[in-house]
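Colleague: Have a look at the structure that comes next, please.
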Amino acid sequence: MAGLEERSHVLTVPTRGKGFVNFTRAVAAWLESIRAQGGLLTVFVTHTSASLTIQENADPNVRVDLLDALERLAPEDHPYVHHEEGPDDMPSHIKSMLTSVSLSIPVREGAMTLGIWQGVYLIEHRTSPNKRQVVLSYIGRVGE
């Protein structure tokens, strides 16, 4: 299609161990830096023990309850066959499979079309802090 351009970028998202990391502002800043106008943004995490979600950013108790639910679905004390990388590794793989490793977000008038209470989060499933790589890919119109 005429007038469409592609841009990509890799963000490094530091984590403190298990939990949600809101990186909405970093994504919005990148979209602004490339002068995105309207198109589609794909967000992809390049790890098998972390995942992505769009979730409520108003009440932090939502994220506490979500982490609790994931812990119940894939507990560390289960006798997994794969255990060479520690007791949190296999549950982390399960949690990333149950959630998402990629997101598609429409962009209109230079901004992600998120709802008022929504934010873009990386979910760290491992106990230790990490630096996670997140690939941003935008296809759409850009400003001059």
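The values are calculated or read from the model by the stated rules, or taken from the named source; none is laboratory data. If you're wondering where the values come from, they're calculated on a predicted model, not measured in any experiment. Neighbour counts are summed over all protein chains in view; Cβ atoms, including those assigned to glycine, are modelled from backbone coordinates with ideal geometry. Remember, those area values only see protein heavy atoms, side chains included, never the ligands or the DNA or RNA. Shrake-Rupley method; radii C 1.70, N 1.55, O 1.52, S 1.80 Å.
Colleague: Could you pull out the residue among Ser128, Ser137 that is modelled with pLDDT of 95 or more, of a type in the set (Gly, Ala, Ser) and not in a loop (DSSP other than H, G, I, E, B)?
Modeller: Details: Ser128 fails: not in a loop (DSSP other than H, G, I, E, B).
Unique residue meeting the criteria: Ser137.
Colleague: Which of the residues spanning the stretch 86-103 are touching a helix residue (DSSP H, G or I) at 6+ places or on another chain (Cβ under 9 Å) and either open to solvent by 50 Å² or more (accessible area, probe 1.4 Å) or of a type outside the set (D, E, K, R) (or both)?
Modeller: Of everything in the stretch 86-103, those that are touching a helix residue (DSSP H, G or I) at 6+ places or on another chain (Cβ under 9 Å) and either open to solvent by 50 Å² or more (accessible area, probe 1.4 Å) or of a type outside the set (D, E, K, R) (or both) turn out to be Pro91, Ile94, Leu98, Thr99.
Colleague: Which numbered condition in (1) over 16 Å from Val134 (Cβ atoms); (2) in contact with a Ser or Thr (Cβ under 6 Å, 6 or more places away or on another chain); (3) small (Gly, Ala, Ser) is the only one that Ser104 fails?
Modeller: Among (1) over 16 Å from Val134 (Cβ atoms); (2) in contact with a Ser or Thr (Cβ under 6 Å, 6 or more places away or on another chain); (3) small (Gly, Ala, Ser), Ser104 violates only (1).
Colleague: When the stretch 60-69 is examined, which residues are found to be open to solvent by less than 60 Å² (accessible area, probe 1.4 Å) and without any contact (Cβ under 8 Å) to a residue 40 or more places away in the chain?
Modeller: Selection gives Val62, Ala69.
Colleague: Mind listing whichever residues of the stretch 55-87 are closer than 22 Å to Asn22 by Cβ and part of a loop (DSSP other than H, G, I, E, B)? Give the derivation first.
Modeller: Let us first name the residues in the stretch 55-87 that are closer than 22 Å to Asn22 by Cβ, namely 55-71.
Within the stretch 55-87, Asn57, Ala58, Asp59 meet the criteria.
Colleague: Just a yes or no: is a residue in the stretch 95-108 modelled with pLDDT of 95 or more, of a type outside the set (Gly, Ala, Ser) and over 17 Å from the mean Cα position of the chain (by Cα)?
Modeller: yes
Colleague: Looking for something among the small types (Gly, Ala, Ser), farther than 17 Å from Thr99 by Cβ and either at pLDDT 95 or above or loosely packed, with under 13 Cβ neighbours inside 10 Å (or both) - is there at least one such residue anywhere in the stretch 6-15? Before the answer, list the steps.
Modeller: Applying the first criterion (among the small types (Gly, Ala, Ser)) to the stretch 6-15 yields 8.
Still in the running and farther than 17 Å from Thr99 by Cβ: 8.
Those left that are additionally either at pLDDT 95 or above or loosely packed, with under 13 Cβ neighbours inside 10 Å (or both): 8.
Within the stretch 6-15 (the criterion being among the small types (Gly, Ala, Ser), farther than 17 Å from Thr99 by Cβ and either at pLDDT 95 or above or loosely packed, with under 13 Cβ neighbours inside 10 Å (or both)), the answer is yes, since at least one residue qualifies.
Colleague: Ok, one more. Looking only at the stretch 16-56, count how many residues are more than 22 Å from Met97 (Cβ to Cβ), within 12 Å of the chain's Cα centre (by Cα) and surrounded by fewer than 20 Cβ atoms within 10 Å (Cβ to Cβ).
Modeller: Narrowing the stretch 16-56 to residues more than 22 Å from Met97 (Cβ to Cβ): 16, 22, 24-41, 56.
So of that shortlist, the ones also within 12 Å of the chain's Cα centre (by Cα) come out as 22, 24, 26-27.
Retained after the next criterion (residues that are surrounded by fewer than 20 Cβ atoms within 10 Å (Cβ to Cβ)): 22, 24, 26.
Qualifying residue count for the region: 3.
Colleague: Would you mind telling me which numbered condition in (1) at pLDDT 95 or above; (2) open to solvent by less than 60 Å² (accessible area, probe 1.4 Å); (3) over 15 Å from Leu122 (Cα atoms) Leu73 fails?
Modeller: For Leu73, the failing item is (2).
Colleague: Report, by residue number, each residue of the stretch 104-144 that is among the hydrophobic types (A, V, I, L, M, F, W, C), open to solvent by 20 Å² or more (accessible area, probe 1.4 Å) and within 20 Å of Val62 (Cα to Cα).
Modeller: Leu114, Ile116, Trp117, listed by residue number.
Colleague: Is it the case that Gly38 is in contact with a strand residue (DSSP E or B) (Cβ under 8 Å, 6 or more places away or on another chain) and at positive phi? Let's see the steps before the verdict.
Modeller: On the way: in contact with a strand residue (DSSP E or B) (Cβ under 8 Å, 6 or more places away or on another chain): yes; at positive phi: no.
It is false that Gly38 is in contact with a strand residue (DSSP E or B) (Cβ under 8 Å, 6 or more places away or on another chain) and at positive phi.
Colleague: Also, quick follow-up: Restricted to the stretch 88-119, and to residues that are of a type in the set (A, V, I, L, M), in contact with a strand residue (DSSP E or B) (Cβ under 6 Å, 6 or more places away or on another chain) and in a strand (DSSP E or B), which residue is farthest from Ile34 (Cα to Cα)?
Modeller: Step one: list which residues in the stretch 88-119 are of a type in the set (A, V, I, L, M), which gives 90, 94, 97-98, 101, 103, 105, 107, 111-112, 114, 116.
Narrowing further to those that are in contact with a strand residue (DSSP E or B) (Cβ under 6 Å, 6 or more places away or on another chain): 101, 103, 105, 107, 112.
In the following step, the residues that additionally are in a strand (DSSP E or B) were identified as 103, 105, 107, 112.
On the way: Leu103: 19, Ile105: 16, Val107: 12, Met112: 13 Å.
By that ranking, first place goes to Leu103.
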